[in-house]
1. Out of the residues in the stretch 126-144 that are exposed (fewer than 11 other Cβ atoms within 10 Å of the Cβ) and part of a loop (DSSP other than H, G, I, E, B), state the one that is farthest from the chain's Cα centre (by Cα).
2. Return the residues of the stretch 99-140 that are under 16 Å from Met30 (Cβ atoms) and not aromatic (Phe, Trp, Tyr); say none if nothing qualifies.
3. Is there any pair with a first residue in the stretch 153-177 that is more than 17 Å from Phe200 (Cβ to Cβ) and a second that is part of a helix (DSSP H, G or I) and aliphatic (A, V, I, L, M) whose Cβ atoms are under 8 Å apart and which are 6 or more apart or on different chains, and what are they?
4. Evaluate the following for Phe15: is it under 16 Å from the mean Cα position of the chain (by Cα), modelled with pLDDT of 95 or more and either crowded, with 23+ Cβ neighbours inside 10 Å or under 21 Å from Leu157 (Cβ atoms) (or both)?
5. I'd like the residue in the stretch 23-43 that is of a type in the set (A, V, I, L, M, F, W, C), surrounded by 18 or more Cβ atoms within 10 Å (Cβ to Cβ) and out of contact with any Pro (no Cβ under 7 Å at 6 or more places or on another chain) and, out of all such residues, is nearest to His70 (Cα to Cα).
6. Could you name every one of the strands (runs of 3 or more DSSP E) located completely within the stretch 151-250 that has at least 3 residues being at pLDDT 90 or above and farther than 23 Å from Ser108 by Cα?
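The values are calculated or read from the model by the stated rules, or taken from the named source; none is laboratory data. The shown structure was predicted, so the numbers you read here are calculated from the model rather than taken from an experiment. Here the Cβ is made from the backbone with ideal geometry for all residues, glycine too, and neighbour counts use every protein chain on show.
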Amino acid sequence: MRVLRVLIEAPVTSFRYPHFLIGRQITYDMPPPSTIYGHVMSAVGRLLPPESLEFGYHFTHKARASDLEHQHIWNRNRGKKSVNYDITVQPHHRDFLYDCRLVLYLKSDRIEELVHAFREPVFCVNLGRSQDLASIRSVEAIELTEARPAYVESTILPFHTMRERIGRGITATMPKYIGPPPEREPTVFAQYVVLHDRIFAGVDGDSGVSDAFRLLNRPTGASDEETWWTDPDTPQFHEAKRAVVFHPFT
């Protein structure tokens, strides 16, 4: 499978839960699909149909902390002719992720267009909020290899097919797609398994991998030789390479 692989690094970022507007601004441990879509469209410079590509990623960060920020809240003042708006300053805590590294994989019929876009992005490169500046370190089209065994780690997995198969990770509801401006409404949500640990699939029983770090079972109807799309350039553990699990935006 031919895909685009992009390495992005950011010193700090935050992926805010969309329904938390006041109080503490907590962050997801990993970027939601809507953030990935916005990041790709920022490089392209226009909105591509969300159904025209799928994504997978490997995301890590070295630290997590919080800091105090100010929200500037304005309201139209209809009672005073001399003042158009009332503005108040509200302090709140925001969670941050530090020293972030994202290996992004894109599957699409627009590979060449996307390669050009990430090598010459139209808008400023950021990951998360508009002030979370990031750097694109490498852009290349690669061939994923169909293989067994494989492992997954530091990624998100689809809840409806993987939650019953895996004993690690937490469940999170994330926005998949946010509509165009000016409303920018999060219109599609889905549940994912946020996985930090390394989980193996297809390894032999005598490999030394404990049951806690192996997929529990195969999906209904799957063959004994279940295969995965793996990145051949990733580190190898127990004769397995890291798999890429792709997700749609719609």
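1. Gln131
2. Once the filter is applied, which keeps residues that are under 16 Å from Met30 (Cβ atoms) and not aromatic (Phe, Trp, Tyr), the stretch 99-140 yields Asp99, Cys100, Arg101, Leu102, Val103, Leu104, Leu127, Gly128, Arg129, Asp132, Ala134.
3. Within 8 Å, no pair qualifies.
4. no
5. Met30
6. Filter on the stretch 151-250 gives 170-178, 186-195, 199-201.
Every residue, every condition in (1) of a type outside the set (Lys, Arg); (2) within 21 Å of His61 (Cβ to Cβ); (3) surrounded by 14 or more Cβ atoms within 10 Å (Cβ to Cβ), yes or no:
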residue: Leu157; (1), (2), (3): yes, yes, yes
residue: His160; (1), (2), (3): yes, no, no
residue: Gly169; (1), (2), (3): yes, yes, yes
residue: Met174; (1), (2), (3): yes, yes, yes
residue: Tyr177; (1), (2), (3): yes, no, yes
residue: Pro180; (1), (2), (3): yes, no, no
residue: Thr187; (1), (2), (3): yes, no, no
residue: Val194; (1), (2), (3): yes, yes, yes
residue: Phe200; (1), (2), (3): yes, no, yes
